[in-house]
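Heads up, the thing below is written out as structure tokens.
The values are calculated or read from the model by the stated rules, or taken from the named source; none is laboratory data. All of these numbers come straight from a predicted model, not from anything done at the bench. Cβ: placed from backbone, ideal geometry, glycine included. Neighbour counts: every protein chain shown.
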Amino acid sequence: MNYLCSILRTLDALRAARDEMAALADAPGGCDGIFQHPDWIAYEVESRDDGTMPHVIVVRDGAGRMVGYAPFLAIRHTARLDLGGRRVSLYRGEALRLLGAGIVAVAAERATATLAIVRQLHGDIDVRVMRIQESPLPNTFAESLGKGEDMRLVSANLLDQVQWTIEGQASSEAWLAQMDKKRRTDLTQRIGRAYRKLGGDAALHVFDTPEAMPEYCRLMNELYPRTWHHDDLPIHWDHPLRVALFQRLAAAGHIVGHVVLRDGQPLAYVHGYRVAGTYLVDDLGYDEAIAKVGIGSVAVFQAIKALLDRFPGENVSFGYGDNQYKRLLATYSQPCGSLYVVRSARATAGFHMYAPVRWLYRGLHRVREDMRSRKRGQATTSPVTR
């Protein structure tokens, strides 16, 4: 059967194909996150004023049925490399940013749709740089793109990263049973201690309906500025476009937010999206003024327990990063990193710097870790003086 590719380059074209795309994204294993859903793609374009446009490559079979799509955004991109505190520009120009780590398709047609999209991208000489962030490794889609003589795969993370997941569980009880008794008891007892310290009517509340989204966004906008990561990533949670997006996602069962409230005031939150059999813990935080209470980690534990009981068999993804709570709660981890796929050209020659800098950086990192290990060893074996 012949498979044909077309490109959605406008919001109108994206909206016209929305239902077909959503059906693929919602299928079990169809996509790797909410950011590949057509509603989110539209939001990414609508909420920006930097010229970002959709560049969604759609694959249809001979009967005109959509069998897959690659959710790209056409952007102006600057690739930089940090060399001793100085950021060196490697590329500045047009690029395609992939939302997620691969294409959207059901398992039975993923290989065929991938092949069609790879051929389309190789044949489009205007495509010089493709950016893939925070992807599980190896990335089969990126590797397929990098196999031809005209394109190459570039690893953009200088150090290895890890992605953490709780693989499908029958219930929260089954998940807890995999932990040793001490850890299980400690996690459970923390809940009571934290809420006793908070006092009042403090409790974890769930927000997951379209009607609840305006209030949820208001509470998030009130709490977020009091969290530790507000300065690094300011977010206008109750912006009308975001509220409208959350209402659409909630109507399809794709958003489940948790907020700890005391006397109507938000103190901590766990924010995430549920799609294609996985709940992604996208963000979490707590009011810095009550950090000592430990309500942040308690809220995460409560939210995860509730999700595992409510959606048995589905995965819970914590994304990448080496946070302690991820190590504590996850049942599975895998390498992840950021990638570029670049077409060989004078404009992309700067990407060759990544390999030697990564080799040097990792070597220095290993030396530092060895020195720290030796110091720790000396500290534990040195004689005790009186």
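Any idea which of R76, R80, R86 is in contact with an Asp or Glu (Cβ under 7 Å, 6 or more places away or on another chain) and over 25 Å from A251 (Cα atoms)?
After applying the criteria, what remains is R76.
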| query | Where in the stretch 138-225 are there helices (runs of 4 or more DSSP H), lying fully within it, with 3 or more residues that are without any contact (Cβ under 8 Å) to a residue 12 or more places away in the chain and surrounded by 15 or more Cβ atoms within 10 Å (Cβ to Cβ)? | reply | none
| request: Consider R80 carefully, then state whether it is free of Cβ contacts under 8 Å to residues at least 12 places away in the same chain, out of contact with any helix residue (DSSP H, G or I) (no Cβ under 6 Å at 6 or more places or on another chain) and outside any helix (DSSP H, G or I). | output: yes
| Taking A349 and the conditions (1) within 30 Å of V118 (Cα to Cα); (2) modelled with pLDDT under 95; (3) crowded, with 21+ Cβ neighbours inside 10 Å, which numbered condition does it fall short on, given that it satisfies the others? | (3)
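Among the residues of the stretch 60-101, which ones are within 20 Å of W40 (Cβ to Cβ) and among the hydrophobic types (A, V, I, L, M, F, W, C)?
Answer for the stretch 60-101, where residues must be within 20 Å of W40 (Cβ to Cβ) and among the hydrophobic types (A, V, I, L, M, F, W, C): M66, A70, F72, L73, A74, I75, A95, L96, L98, L99, A101.
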| remark: Note on the stretch 103-126: residues buried (at least 23 other Cβ atoms within 10 Å of the Cβ) and outside any helix (DSSP H, G or I) are I103, V104, A105
| request: Give the residues of the stretch 34-60 that are part of a loop (DSSP other than H, G, I, E, B) and at pLDDT 95 or above, sorted by residue number. | output: H37, T52
| message | Can you confirm whether A23 is in a helix (DSSP H, G or I) and modelled with pLDDT of 95 or more? | response | yes
| task | Could you tell me whether any residue of the stretch 161-169 is of a type in the set (V, I, T), farther than 22 Å from H37 by Cα and touching a Lys or Arg at 6+ places or on another chain (Cβ under 9 Å)? | result | yes
| task | State which residue is modelled with the lowest pLDDT when the search covers only the stretch 65-91 and only residues that are of a type in the set (V, I, T) and surrounded by fewer than 18 Cβ atoms within 10 Å (Cβ to Cβ). | result | V88
| request: Sort through G51, G33 and tell me the only one that's buried (at least 20 other Cβ atoms within 10 Å of the Cβ) and under 19 Å from L96 (Cα atoms). | output: G33
| Residue in the stretch 277-319 that is nearest to C31 (Cα to Cα), counting only those that are within 16 Å of the chain's Cα centre (by Cα) and among the aliphatic types (A, V, I, L, M) | L280
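Results for (1) in contact with a strand residue (DSSP E or B) (Cβ under 7 Å, 6 or more places away or on another chain); (2) under 30 Å from E173 (Cβ atoms), shown as yes or no for each residue.
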| residue | (1), (2) |
| --- | --- |
| P234 | no, no |
| F246 | yes, no |
| L249 | yes, yes |
| H258 | yes, yes |
| H271 | yes, yes |
| G277 | yes, yes |
| E288 | no, no |
| G294 | no, yes |
| note | How many residues of the stretch 256-276 are among the β-branched types (V, I, T) and more than 17 Å from the chain's Cα centre (by Cα)? The answer is 2
